[in-house]
Amino acid sequence: MTFAGLFRRAAPEALKHQRKVAILGAAGGIGQPLALLMKLNPLVSSLSLYDIANTPGVAADVSHANTRAEVVGYAGDEQLGEALKGADVVIIPAGVPRKPGMTRDDLFNINAGIVKSLCTAIAKHCPEAVINMISNPVNSTVPIAAEVFKKANMYDPKKLFGVTTLDVVRARTFYAAKKGLSVEDVDVPVVGGHAGVTILPLFSQATPKATLTDEEIDALTKRTQDGGTEVVQAKAGKGSATLSMAYAGALFAESCLKGLNGESGVVECSYVASTVTDLPFFSSKVRLGKNGVEEVLGLGALSEYEKKALEAMKPELKSSIQKGIDFANQN
Ligand code: NAD
Ligand code: LMR
């Protein structure tokens, strides 16, 4: 017997594809629930759980769910190559989370090195994989990954994604609650980056459309921008968003898998190499396909409020990008 709400059957077409997903940082706060959600996803045939320690236990636990994916746990540097070999999608939630009073940029000193070493291994063992970067500060870790891949001569900008889905998930939740809408029907694009004012929800494009006062737009925008901090404060020193992030990460990874499998009309917001603004990386709607990014979509019509916020975020986003590039090239 299965619980129909969690056990999902894939369309027969999808089952023809063998898809390996690797999670790096799989024993962590995000990694563990994300491992479970990917085990429940029928598009996954092989699930590789890597961390510096404790993954054999997580893998043994998750592997007992009676779903399609074969699960293997890998622990320690010497097993990283095997964990990555043949991966179609690599999800990276490895690194330290924030404590109250910290910005995401305060994580740079530790997480930049972790991301750099993991991306060096990806370049060697699964250069074709689609990368879902969760580790913060995303505004800098994605440029670090790009530089590492360029040095290894395998950089494909279509395959590198900063995961900003949690911002979209939050904007949908807050908008639906404010306007009394059914949250399942709501969508709100979120553009820019993934830190403070660089997170810009476009409530002027929210669907279904509801009337918002200027005060409501400002409050919803600020709540979305501060959503991560809201969780960090509530957890009071025990980390940042893990469960909602696992949910958002699973949604995004599923869209990547659907795209790889050739499904059409798969669109997500993500932080990618972009010419939508004058910044080299920017989050906007992206159409996903067999090669990763099929098309980076434009911003659409912005309200005056959004136009101002877009210009205001640029200096911070620019310097976070440059910080990542400099780190990758200096160390
Ligand atoms: P956590 O400390 O609970 O887990 C991190 C895991 O990474 C640990 O198990 C740790 O052992 C592992 N790790 C450390 N170095 C590693 C390495 N070299 N190789 C493999 N694994 C390694 O932290 P968490 O709450 O899961 O958060 C992880 C990261 O995700 C943080 O940087 C956090 O800021 C970020 N995050 C991003 C978003 C987003 O929206 N993009 C949302 C929430 C959290
Ligand atoms: C989030 O948005 O929840 C994450 O980026 C974690 C954090 O530090 O806020």
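Would you confirm, using the coordinates I've provided, whether LEU37 is in a helix (DSSP H, G or I) and either surrounded by fewer than 20 Cβ atoms within 10 Å (Cβ to Cβ) or at negative phi (or both)? Quick ask: steps written out before the conclusion?
On the way: in a helix (DSSP H, G or I): yes; either surrounded by fewer than 20 Cβ atoms within 10 Å (Cβ to Cβ) or at negative phi (or both): yes.
So LEU37 fits the description; yes.
Which residue, of ALA273, ALA241, is within 19 Å of LEU299 (Cβ to Cβ) and under 19 Å from the mean Cα position of the chain (by Cα)?
Numbers: ALA241 fails: within 19 Å of LEU299 (Cβ to Cβ).
Only one candidate qualifies: ALA273.
Given the criterion of a type in the set (Gly, Ala, Ser), closer than 16 Å to PRO137 by Cβ, at pLDDT 95 or above and surrounded by 20 or more Cβ atoms within 10 Å (Cβ to Cβ), identify the matching residue among SER284, SER320.
Values: SER284 fails: closer than 16 Å to PRO137 by Cβ.
Every option except SER320 fails the conditions.
Evaluate the stretch 178-201: report whether one residue or more is part of a helix (DSSP H, G or I), touching a residue at least 12 places away in the same chain (Cβ under 8 Å) and aliphatic (A, V, I, L, M).
First pass over the stretch 178-201, keeping only residues part of a helix (DSSP H, G or I): 178-179, 183-185, 196-198.
Going one step further and asking which of them are touching a residue at least 12 places away in the same chain (Cβ under 8 Å), we end up with 178-179, 185, 196-198.
Going one step further and asking which of them are aliphatic (A, V, I, L, M), we end up with 197.
The answer is yes; a qualifying residue exists.
Limited to the stretch 171-192, what total is found for residues that are touching a strand residue (DSSP E or B) at 6+ places or on another chain (Cβ under 6 Å) and under 30 Å from PHE108 (Cα atoms)? Reasoning before the result, please.
Taking the stretch 171-192 as the starting set, the residues that turn out to be touching a strand residue (DSSP E or B) at 6+ places or on another chain (Cβ under 6 Å) are 171, 187-192.
Remaining after also requiring under 30 Å from PHE108 (Cα atoms): 171, 188-192.
So the answer is 6.
Any residue at all in the stretch 68-83 that is more than 16 Å from ligand 2 (Cβ to nearest atom), of a type in the set (S, T, N, Q) and crowded, with 19+ Cβ neighbours inside 10 Å?
Going through the stretch 68-83, the residues more than 16 Å from ligand 2 (Cβ to nearest atom) turn out to be 68-83.
Filter once more, so that each one left must be of a type in the set (S, T, N, Q): 79.
After this cut, where a residue has to be crowded, with 19+ Cβ neighbours inside 10 Å as well, the list is none.
Checked against the condition, which is being more than 16 Å from ligand 2 (Cβ to nearest atom), of a type in the set (S, T, N, Q) and crowded, with 19+ Cβ neighbours inside 10 Å, the stretch 68-83 yields no hits at all.
Looking at THR242, THR275 in this structure, which one is of a type in the set (S, T, N, Q) and in contact with a helix residue (DSSP H, G or I) (Cβ under 7 Å, 6 or more places away or on another chain)? Before you say what the answer is, go through the steps one by one.
Details: THR275 fails: in contact with a helix residue (DSSP H, G or I) (Cβ under 7 Å, 6 or more places away or on another chain).
Of the residues listed, the single one that is of a type in the set (S, T, N, Q) and in contact with a helix residue (DSSP H, G or I) (Cβ under 7 Å, 6 or more places away or on another chain) is THR242.
Mind counting the residues in the stretch 244-279 that are part of a helix (DSSP H, G or I) and within 12 Å of LEU166 (Cβ to Cβ)?
Residues of the stretch 244-279 part of a helix (DSSP H, G or I): 244-260.
Next, from what is left, pick out any that are within 12 Å of LEU166 (Cβ to Cβ): 244-252.
Matching residues across the stretch 244-279 total 9.
Suppose we keep only residues that are surrounded by fewer than 20 Cβ atoms within 10 Å (Cβ to Cβ) and within 19 Å of LEU310 (Cα to Cα) within the stretch 215-231. Which one would you say is nearest to ligand 2 (Cβ to nearest atom)? Please lay out each step first, then the result.
Taking the stretch 215-231 first, the residues surrounded by fewer than 20 Cβ atoms within 10 Å (Cβ to Cβ) are 215-219, 222-223, 226, 229-230.
Subset that is within 19 Å of LEU310 (Cα to Cα): 215-219, 222-223, 226.
Values: GLU215: 24, GLU216: 22, ILE217: 20, ASP218: 20, ALA219: 18, LYS222: 14, ARG223: 12, ASP226: 9 Å.
Applying the filter and picking the extreme gives ASP226.
For GLN32, only one of the following conditions fails: (1) part of a loop (DSSP other than H, G, I, E, B); (2) of a type outside the set (Val, Ile, Thr); (3) at pLDDT 95 or above. What is its number?
The single condition GLN32 does not satisfy is (1).
Can we say VAL115 is of a type in the set (Val, Ile, Thr) and within 14 Å of ligand 1 (Cβ to nearest atom)?
Details: of a type in the set (Val, Ile, Thr): yes; within 14 Å of ligand 1 (Cβ to nearest atom): yes.
For VAL115, the condition - of a type in the set (Val, Ile, Thr) and within 14 Å of ligand 1 (Cβ to nearest atom) - is met.
Name the one entry in LEU15, LEU47 that is modelled with pLDDT under 95 and touching a Ser or Thr at 6+ places or on another chain (Cβ under 9 Å).
Working: LEU47 fails: modelled with pLDDT under 95.
Step by step, each of LEU15, LEU47 is checked, and only LEU15 is modelled with pLDDT under 95 and touching a Ser or Thr at 6+ places or on another chain (Cβ under 9 Å).
Against the definition (in contact with a Ser or Thr (Cβ under 6 Å, 6 or more places away or on another chain) and either small (Gly, Ala, Ser) or in a loop (DSSP other than H, G, I, E, B) (or both)), how does GLY73 come out, yes or no? Break it down stepwise before answering.
Details: in contact with a Ser or Thr (Cβ under 6 Å, 6 or more places away or on another chain): yes; either small (Gly, Ala, Ser) or in a loop (DSSP other than H, G, I, E, B) (or both): yes.
Judged against the criteria, GLY73 is a match.
Among the candidates ALA27, ALA14, single out the residue that is assigned to a loop (DSSP other than H, G, I, E, B) and surrounded by fewer than 24 Cβ atoms within 10 Å (Cβ to Cβ). Write out each step before concluding.
Values: ALA14 fails: assigned to a loop (DSSP other than H, G, I, E, B).
When all the criteria are applied, what remains is ALA27.
Could you grab the pairs with beta carbons closer than 9 Å, sequence gap of 6+ or different chains, first residue in the stretch 92-120 and hydrophobic (A, V, I, L, M, F, W, C), second one surrounded by fewer than 14 Cβ atoms within 10 Å (Cβ to Cβ)?
VAL96/ILE110; ALA112/ASN331
Residue check, GLU147 against (1) closer than 25 Å to LEU107 by Cα; (2) buried (at least 24 other Cβ atoms within 10 Å of the Cβ), all met but one. Which one?
(2)
Can you name the residue in the stretch 118-135 that is outside any helix (DSSP H, G or I), out of contact with any Ser or Thr (no Cβ under 8 Å at 6 or more places or on another chain) and closer than 18 Å to ILE321 by Cα and, of all such residues, is nearest to ligand 1 (Cβ to nearest atom)? Lay out the reasoning, then the answer.
Looking only at the stretch 118-135, we keep the residues that are outside any helix (DSSP H, G or I), and these are 126-135.
Imposing the further condition that a residue be out of contact with any Ser or Thr (no Cβ under 8 Å at 6 or more places or on another chain) reduces the set to 126-132, 134.
Applying the additional criterion that residues be closer than 18 Å to ILE321 by Cα yields 131-132, 134.
On the way: ILE131: 13, ASN132: 9, ILE134: 4 Å.
If we take residues in the stretch 118-135 being outside any helix (DSSP H, G or I), out of contact with any Ser or Thr (no Cβ under 8 Å at 6 or more places or on another chain) and closer than 18 Å to ILE321 by Cα, then ILE134 is nearest to ligand 1 (Cβ to nearest atom).
In the stretch 106-144, how many are near ligand 2 (Cβ under 10 Å from one of its atoms) and surrounded by fewer than 23 Cβ atoms within 10 Å (Cβ to Cβ)?
Total meeting the criteria: 2.
Can you find even one residue in the stretch 97-112 that is more than 27 Å from SER319 (Cβ to Cβ), away from ligand 1 (no atom under 12 Å from the Cβ), of a type outside the set (Gly, Ala, Ser) and not in a helix (DSSP H, G or I)? Break it down into steps so the answer makes sense when it comes.
Step one: filter the stretch 97-112 for residues more than 27 Å from SER319 (Cβ to Cβ), giving none.
Within the stretch 97-112, none of the residues are more than 27 Å from SER319 (Cβ to Cβ), away from ligand 1 (no atom under 12 Å from the Cβ), of a type outside the set (Gly, Ala, Ser) and not in a helix (DSSP H, G or I).
Can you run down the residue pairs with Cβ atoms below 7 Å, 6 or more apart or on separate chains, where the first is in the stretch 161-176 and of a type in the set (Phe, Trp, Tyr) and the partner is part of a helix (DSSP H, G or I)?
So the pair list comes out as PHE174/LEU220; PHE174/ARG223; PHE174/THR224; TYR175/PHE203; TYR175/LEU220.
The values are calculated or read from the model by the stated rules, or taken from the named source; none is laboratory data. From a predicted model like this one, the values you see are computed outputs, not experimental measurements. Using ideal geometry, Cβ is built from the backbone for each residue, glycine included, and neighbour counts are taken over all protein chains shown.
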